[in-house]
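Colleague: Below is one structure. I have some questions about it.
The values are calculated or read from the model by the stated rules, or taken from the named source; none is laboratory data. Treat the numbers as computed from the prediction; the structure is a model and nothing was measured. All Cβ positions, even for glycine, are placed from backbone atoms using ideal geometry, and neighbour counts span all protein chains on display. To get the accessible areas, we keep the full protein, side chains included, count just its heavy atoms, and leave off ligands, DNA and RNA. Shrake-Rupley method; radii C 1.70, N 1.55, O 1.52, S 1.80 Å.
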Amino acid sequence: MRAALRAFGVPLGEAYQLRDDLHDREGSHGATPETVNRLVEGARTALRTSPIDPTAIAALDQLASLVAMA
């Protein structure tokens, strides 16, 4: 289960940081909203095959939705 949470958390954390950089206009490294959304989707994909309880997966998916950019 640790591996699944890490596979979710690492890309989601990176997406959050990039989103913050874009918001602060500090995204000089070429980050775009699409980059953020790709990372969020990667985090969600990690949950699809994980042994985590479905209720917890739903909560983590909601967290991922908060990080994604429209």
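Colleague: Rounded to the nearest whole Å², what accessible area per residue is found for the range 23-63 with the 1.4 Å probe?
Modeller: In whole numbers, the range 23-63 has 69 Å² accessible per residue.
Colleague: What is the dipole size for the chain, taken about its Cα centre, with +1 at each Lys and Arg Cβ and -1 at each Asp and Glu Cβ, in debye to the nearest 20?
Modeller: 260
Colleague: Per the helix-only calculation at 222 nm, which mean residue ellipticity applies to the chain, given -39500 (n - 2.57) for every DSSP H run of n ≥ 4 and division by its residues, nearest 500 deg cm²/dmol?
Modeller: Result for the chain, helices only: -25000 deg cm²/dmol.
Colleague: Can you send over the carbon and sulfur percentage of the accessible area for the chain, probe radius 1.4 Å, protein chains only?
Modeller: C and S fraction of accessible area: 56 percent.
Colleague: A further question follows. Output the 0 to 90 degree angle, nearest 10, between the alpha-carbon long axis of helix 54-67 and the longest principal axis computed from the alpha carbons of the chain.
Modeller: So the helix axis and the longest Cα principal axis differ by about 0 degrees.
Colleague: Note the full-extension length gain between Ser65 and Ile52 as 0.36 nm times their separation in residues minus their Cα-Cα distance, in nm to one decimal.
Modeller: My answer for the length gained is 2.9 nm.
Colleague: On to the next question. Per residue, how big is the convex hull around the C-alpha atoms of the chain? Give it to me in cubic angstrom, could you?
Modeller: 72
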